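> The structure under discussion is supplied below as structure tokens; questions concerning it will follow.
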Amino acid sequence: MTSLDPRIVRLLLAVGAPVLALGAAFAITSLVLLVAGDPVGEVWSTILSPPETRNVVNIINAATVLYLSGVAVAIGFRMNLFNIGVDGQYRVAAFAAAAVAGEAWLPGVLNMVLAVLVAMLAGAIWAGIAGLLRATRGVSEVISTIMLNFIATSVVAFMLRQLAVREEGSNIVSTRPIPEGSRLPGIPFGDLPNLEIYGFVVVAVAVGFGYWFVLNKTRFGFDLRATGRSAPAATASGISVRRMTIATMLLSGAIAGLVGMPLLLGSSYAYGSTFQSGLGFAGIAIALLGRNHPVGIALGALLFAFLDEQSNPLQILVGVSPDIVAITQGVVVLTVVISYEVVRRFGSRLEQRRVAAALATERASGTDDKQEARA
Amino acid sequence: MPEKAKKPEQPGAEPVGDLAVRLRGIGKRFPGVIANDDINIDVRRGTIHAIVGENGAGKSTLMKILYGVQPPDSGTIEIGGKQVSLSSPAEAIAQGVGMVFQHFMLADNLTVAENVVLGAEKLHGIGAGARAEITRISDSYGLGVDPDAMVEDLGVGARQRVEILKVLYRGARVIILDEPTAVLVPQEVDELFGNLRELKAEGLAVLFISHKLDEVLSVADDITVVRRGTTVATVDPSGTTARQLAELMVGSELPQPTREASTVTEEVLLDVRGLTLPTPTGRPLLDDVTFRIHRGEVLGIAGVEGNGQAELVEAIMGMRPGSTGSITVGGRDLSGTSTRERRESGIGYIPEDRHRHGLLLDAPLWENRVLGHQTRRPSVRRGLVDRRAATADTQRIINTYDVRTPGPNVPARALSGGNQQKLIVGREMSGEPTLLIAAHPTRGVDVGAQAAIWDQIRIARREGLAVLLISADLDELIGLSDRIEVVLRGRLVGEFDPTTVTPAQLGSAMTGAGDEPAQESA
């Protein structure tokens, strides 16, 4: 072990943890299937069969949405803030953006940009409430964001009723649809017609890059990570932890505001009672699985989207409810936490041993020199 | 059992009693470190047996093994002539081994009797029987403990006696005291030693861990020296000097905080006036603290821990909102500014608790170099962290301050305490500070690092910094300071000249005994 380059060891450990977690999650899911008397082999062969082009498009689209959610959660995690409220934040944001864009105050692309900015602002404000409470009154952001999720549901439902337009012959209420010129065109994929990836995938990639750059390269990112690692040390170094708490929640909320945008600008074009929910909670699992790393989150998002998409035909093909992957996804959250802790301890022990060994050889040669000099 | 050549020599005198504890070939490895290796100790009944060694020599590990907190990897433990294996403190207690930790484990809001009985309710109940037993123990060993007193009203010395009583109540015949004098002032130390002599007179064996050699020589019957995890010698205190002990401990000459020619100038660099830190209820944590430090001067702050030293440092660093009064550094009024502005205006800060306030343990050394210097070159340029420059500067600190590490990319956690502290000192001396605040700079570091840190403080002084030194080590204060102020209950109660003051005088001032004039001025 010690002969290996420490960087390679670190990489192996980084990859080892999620692999361990996924393995355990699959094993536990298999156990559940066994206990329920379901055909384990057939379930996995259905899920793990290669996806068709149509499915690939669905996976990428779903992953785009999940990725933004994961990044939003990860920003908080890097500062030890548990933003459970991404769910409420993106719904408030998507509603606000849809309402504004539906009014079409600006023409074409400008209207779309306005919608995105409104979404980020709304998400930031909604998360900022929790940040402010935490910074000024010490209210745990876990509690306040959960509360704000409930409030978001009610507020959005109420506002929707105020602004809603009802489609002819349908029970679905929704905001006024975004005009055609302000919609984000998709990127064609494969040979089949009408198969398009959300144009917003470009923005998601940019967000991932921006996340990496801001956190790892800028002073702001350093302050954020330092605060996450040790708030007392950060305070002693001159960081205002209160200000960082608010800034981080605002940033996390702004990214959370983007979560609904691929859907709004790329497929639904309006916010209605059927707008997809629950994306914020998936983001927590994905951020954990991806270790808050921009590429890791992308892999986690793709995996979750893959499981969701591939489990759809389970009911028809093998007579098992697709909800079984929800068990896998849920268990992953637990196994990920455990396996990362195990690997972290193992890694730090390895590191200590390496340092001790390096110093021991240094010291040994040093004392030899001294003895020789004496002799 | 293979016996090595360095088997401890028995003291010249004939053994007084039979052996209470016999350790043979105890070994314990942690990843990358050999904490204990071939430890051999014989503790006689009715004696005080001191274990000395520098920090990190393996004393604490050894005591944890004897108290059942950690199992040894090799070797045997015999208690009262019977070989035992201890896998938990409960088993150790059942074998009659008790331990008094350095940090007391008492519930403040309970009485002495309740604290003693807590967890040992089955022995004598929780009522009159228990109370009678507590009184009996207290009287027979001269502990003078009142079972009905609230622990929160007790001083440090009394709390320690309660801890000892707790151990005796559980039937201990072997008592381990881990650095018991670290929290005491000289007068309390004498009282403690009186209590220990009572214990040994009753036939108990006391294991006394310390690195204060004068104390060890005055109280112990046998002294075992531990160095680099192994017992190097057992000596008789009557035929040994502190210097010889110290040399056994470090295996070489002992560094001393020696005084140098004064470099104090007339120029005031730190001017603190009327610094007060009120609390919502009761006595302020800092009460009208006023002092100055000149260019090239070291001001030492002496005091029993918890009398406002930590608050003083944090108030100067701007980490304590609500403090009033003025703080001027190099002519610039810093009252009401943020910690970052204070750091930028030239304050270097070696915090008391390096793990909490000084380091990001899981971050690499170069990131720790950036910490506290986020707004300054070479760490950061135009809002971006300059990893290359920060790494290079970390390497400079590693070389200049002799930080033992394979390189700047190692996480801080992997370093030993002394090397972590040297890194912090190096970092805080970067960026040309005008004021250095050093809170307990050598606490918990080995002798080598201690000497290096003392040197750095002297260099800082020579280079014209103002140094505020807070320490619980009176020798360190006397050896390094140009002036010593004593802090008591948040107030400065006396100024001393380190060239003439004795530790006993400082001790009196620290406890407020015999220093009435300072008290009356309130």
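> Taking only segment A:4-49 into account, find how many residues are under 20 Å from A:Leu303 (Cα atoms) and among the charged types (D, E, K, R).
Number satisfying all stated conditions: 1.
> Which one is farthest from A:Ala234 (Cα to Cα), of the residues in segment B:303-334 that are surrounded by fewer than 21 Cβ atoms within 10 Å (Cβ to Cβ) and without any contact (Cβ under 8 Å) to a residue 12 or more places away in the chain?
Applying the filter and picking the extreme gives B:Gly331.
> The conditions are (1) farther than 30 Å from A:Gly199 by Cα; (2) at pLDDT 95 or above, and A:Ile125 fails exactly one of them. Which is it?
Result: A:Ile125 fails condition (1) only.
> A further question follows. Restricting to segment A:231-277, and then to whatever is outside any loop (DSSP other than H, G, I, E, B) and β-branched (Val, Ile, Thr), can you tell me which residue is nearest to B:Thr337 (Cα to Cα)? Working first, answer last.
First, pick out the residues of segment A:231-277 that are outside any loop (DSSP other than H, G, I, E, B): A:231-236, A:241-258, A:261-268, A:272.
Then drop every residue that is not β-branched (Val, Ile, Thr), which leaves A:235, A:241, A:245-246, A:248, A:255.
On the way: A:Thr235: 14, A:Val241: 15, A:Thr245: 20, A:Ile246: 20, A:Thr248: 23, A:Ile255: 33 Å.
Per the stated criteria, the residue is A:Thr235.
> Please go through segment B:265-287 and pick out each residue that is touching a residue at least 24 places away in the same chain (Cβ under 8 Å) and surrounded by fewer than 16 Cβ atoms within 10 Å (Cβ to Cβ). First the steps, then the outcome.
At the first step, the residues of segment B:265-287 found to be touching a residue at least 24 places away in the same chain (Cβ under 8 Å) are B:265-278, B:283-287.
Result: B:Thr265, B:Glu266, B:Glu267, B:Arg273, B:Gly274, B:Pro278, B:Arg283.
> Ok, one more. Take A:Ala287 and decide whether it is part of a helix (DSSP H, G or I) and away from every other protein chain (no Cβ under 14 Å). Walk me through it before giving the result.
Working: part of a helix (DSSP H, G or I): yes; away from every other protein chain (no Cβ under 14 Å): yes.
For A:Ala287, the condition - part of a helix (DSSP H, G or I) and away from every other protein chain (no Cβ under 14 Å) - is met.
> Assess whether B:Ala363 counts as being touching a Pro at 6+ places or on another chain (Cβ under 7 Å), facing chain A (nearest Cβ under 8 Å) and among the hydrophobic types (A, V, I, L, M, F, W, C). Explain how you work it out, then say what you get.
On the way: touching a Pro at 6+ places or on another chain (Cβ under 7 Å): yes; facing chain A (nearest Cβ under 8 Å): yes; among the hydrophobic types (A, V, I, L, M, F, W, C): yes.
Yes: the conditions hold for B:Ala363.
Here's the yes/no breakdown for (1) farther than 26 Å from B:Arg45 by Cα; (2) in a loop (DSSP other than H, G, I, E, B); (3) in contact (Cβ under 8 Å) with a residue 40 or more places away in the chain:
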residue	(1), (2), (3)
B:Ile137	no, no, no
B:Pro147	yes, yes, no
B:Arg159	no, no, yes
B:Val162	no, no, yes
B:Glu198	no, no, yes
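> Here is a further query. Could you please give the count of residues in segment A:226-242 that are charged (D, E, K, R) and more than 8 Å from every other protein chain (Cβ to nearest Cβ)? Don't jump to the end; show me each part of the working.
First, pick out the residues of segment A:226-242 that are charged (D, E, K, R): A:229, A:242.
Within this subset, residues satisfying the condition of being more than 8 Å from every other protein chain (Cβ to nearest Cβ) are A:242.
Counting residues in segment A:226-242 that are charged (D, E, K, R) and more than 8 Å from every other protein chain (Cβ to nearest Cβ) gives 1.
> Which of the numbered conditions does A:Ile255 fail, given that it passes all the others? Conditions: (1) surrounded by 20 or more Cβ atoms within 10 Å (Cβ to Cβ); (2) within 14 Å of chain B (Cβ to nearest Cβ).
Going through (1) surrounded by 20 or more Cβ atoms within 10 Å (Cβ to Cβ); (2) within 14 Å of chain B (Cβ to nearest Cβ) one by one, A:Ile255 breaks only (2).
> Right, another one. With the structure loaded, tell me whether B:Asp393 is touching a strand residue (DSSP E or B) at 6+ places or on another chain (Cβ under 8 Å), of a type outside the set (Gly, Ala, Ser) and more than 9 Å from chain A (Cβ to nearest Cβ) or whether it fails that test. Before you say what the answer is, go through the steps one by one.
Details: touching a strand residue (DSSP E or B) at 6+ places or on another chain (Cβ under 8 Å): no; of a type outside the set (Gly, Ala, Ser): yes; more than 9 Å from chain A (Cβ to nearest Cβ): yes.
Taking the combined requirement at face value, the residue does not satisfy it.
> Now a separate question. Any idea which of B:Val167, B:Val156 is buried (at least 19 other Cβ atoms within 10 Å of the Cβ) and either of a type in the set (A, V, I, L, M, F, W, C) or within 23 Å of B:Gly512 (Cβ to Cβ) (or both)? Talk me through it step by step, then tell me what you get.
Details: B:Val156 fails: buried (at least 19 other Cβ atoms within 10 Å of the Cβ).
Selected residue: B:Val167, the only one of B:Val167, B:Val156 that is buried (at least 19 other Cβ atoms within 10 Å of the Cβ) and either of a type in the set (A, V, I, L, M, F, W, C) or within 23 Å of B:Gly512 (Cβ to Cβ) (or both).
> Let me ask another. Restricting attention to segment B:257-265, does a residue exist that is modelled with pLDDT under 85, out of contact with any strand residue (DSSP E or B) (no Cβ under 9 Å at 6 or more places or on another chain) and either among the basic types (Lys, Arg) or not in a loop (DSSP other than H, G, I, E, B) (or both)?
Yes, segment B:257-265 has at least one match.
> Looking at B:Gly426, B:Gly372, B:Gly383, B:Gly407, which one is surrounded by 19 or more Cβ atoms within 10 Å (Cβ to Cβ), over 18 Å from the mean Cα position of the chain (by Cα) and within 14 Å of chain A (Cβ to nearest Cβ)? Can you show your working first?
Numbers: B:Gly426 fails: within 14 Å of chain A (Cβ to nearest Cβ); B:Gly383 fails: surrounded by 19 or more Cβ atoms within 10 Å (Cβ to Cβ); B:Gly407 fails: surrounded by 19 or more Cβ atoms within 10 Å (Cβ to Cβ).
Unique residue meeting the criteria: B:Gly372.
> Can you tell me which residues in segment B:211-244 are part of a helix (DSSP H, G or I), over 19 Å from the mean Cα position of the chain (by Cα) and crowded, with 22+ Cβ neighbours inside 10 Å?
Going residue by residue through segment B:211-244, those that are part of a helix (DSSP H, G or I) are B:213-219, B:237-239, B:242-244.
With over 19 Å from the mean Cα position of the chain (by Cα) added as a condition, the list becomes B:217-219, B:237-239, B:242-244.
Residue satisfying the conditions is B:Val219 alone.
> Go over the candidates B:Ala201, B:Ala220 one by one and state the one that is closer than 18 Å to B:Ile39 by Cβ and not acidic (Asp, Glu). First the steps, then the outcome.
Numbers: B:Ala201 fails: closer than 18 Å to B:Ile39 by Cβ.
Step by step, each of B:Ala201, B:Ala220 is checked, and only B:Ala220 is closer than 18 Å to B:Ile39 by Cβ and not acidic (Asp, Glu).
> Follow-up. B:Arg292 fails exactly one of the following numbered conditions: (1) touching a strand residue (DSSP E or B) at 6+ places or on another chain (Cβ under 9 Å); (2) free of Cβ contacts under 8 Å to residues at least 40 places away in the same chain; (3) not in a strand (DSSP E or B). What is the number of that condition?
(3)
> Would you confirm, using the coordinates I've provided, whether B:Val268 is over 21 Å from B:His440 (Cα atoms), more than 10 Å from chain A (Cβ to nearest Cβ) and not small (Gly, Ala, Ser)? Reasoning before the result, please.
Values: over 21 Å from B:His440 (Cα atoms): yes; more than 10 Å from chain A (Cβ to nearest Cβ): yes; not small (Gly, Ala, Ser): yes.
Yes.
> While we're on this one: Mind listing just one residue for me: the one in segment B:284-341 that is among the charged types (D, E, K, R) and within 13 Å of another protein chain (Cβ to nearest Cβ) and, of those, nearest to the chain's Cα centre (by Cα)? Explain how you work it out, then say what you get.
So in segment B:284-341, the residues among the charged types (D, E, K, R) come out as B:287-288, B:292, B:295, B:297, B:305, B:311, B:314, B:320, B:332-333, B:340-341.
Add one more test, that the residue is within 13 Å of another protein chain (Cβ to nearest Cβ), and what stays is B:314, B:320, B:340-341.
On the way: B:Glu314: 19, B:Arg320: 24, B:Arg340: 29, B:Glu341: 31 Å.
Among residues in segment B:284-341 that are among the charged types (D, E, K, R) and within 13 Å of another protein chain (Cβ to nearest Cβ), the one nearest to the chain's Cα centre (by Cα) is B:Glu314.
> So B:Leu474 ticks every box in (1) away from chain A (no Cβ under 13 Å); (2) within 30 Å of A:Leu224 (Cβ to Cβ) but one. Which box is left unticked?
The single condition B:Leu474 does not satisfy is (2).
> So which residues in segment A:70-108 are over 21 Å from A:Ala135 (Cβ atoms) and buried (at least 24 other Cβ atoms within 10 Å of the Cβ)?
Going residue by residue through segment A:70-108, those that are over 21 Å from A:Ala135 (Cβ atoms) are A:70-71, A:87, A:90-91, A:93-108.
Hits for segment A:70-108 are A:Gly70, A:Val71, A:Asp87, A:Tyr90, A:Arg91, A:Ala93, A:Ala94, A:Phe95, A:Ala96, A:Ala97, A:Ala98, A:Ala101.
> Return the pair list, or none, for Cβ contacts closer than 8 Å from residues in segment A:210-223 that are facing chain B (nearest Cβ under 7 Å) to residues that are in a helix (DSSP H, G or I) and of a type in the set (A, V, I, L, M, F, W, C), at least 6 apart or on different chains.
A:Phe222/B:Val370; A:Asp223/A:Ala234; A:Asp223/A:Met244
> Which condition breaks for A:Gly280 when tested against (1) surrounded by fewer than 19 Cβ atoms within 10 Å (Cβ to Cβ); (2) in a helix (DSSP H, G or I)?
It is condition (1) that A:Gly280 fails.
> Among the helices (runs of 4 or more DSSP H) confined wholly to segment B:37-129, which include 2 or more residues that are surrounded by fewer than 15 Cβ atoms within 10 Å (Cβ to Cβ)? Full working, then the answer.
Numbers: elements: B:59-66, B:89-94, B:112-117, B:121-124.
Because the criterion is at least 2 residues that are surrounded by fewer than 15 Cβ atoms within 10 Å (Cβ to Cβ), the helices (runs of 4 or more DSSP H) in segment B:37-129 that meet it are B:89-94, B:121-124.
> Please work out which one of (1) in contact with a helix residue (DSSP H, G or I) (Cβ under 6 Å, 6 or more places away or on another chain); (2) in a helix (DSSP H, G or I) is the condition A:Val139 fails and give its number.
(2)
> Now, a different point. Against the condition more than 14 Å from chain B (Cβ to nearest Cβ), touching a Leu at 6+ places or on another chain (Cβ under 8 Å), modelled with pLDDT under 85 and not in a helix (DSSP H, G or I), how does A:Val320 come out, does it pass? Even if it seems obvious, please write down each step before you answer.
On the way: more than 14 Å from chain B (Cβ to nearest Cβ): yes; touching a Leu at 6+ places or on another chain (Cβ under 8 Å): yes; modelled with pLDDT under 85: yes; not in a helix (DSSP H, G or I): yes.
So A:Val320 fits the description; yes.
The values are calculated or read from the model by the stated rules, or taken from the named source; none is laboratory data. Everything quoted here is computed from the prediction, not taken from an experiment. Methodologically, a virtual Cβ is constructed for each residue, glycine included, from the backbone with ideal geometry; neighbour enumeration extends over all protein chains shown.
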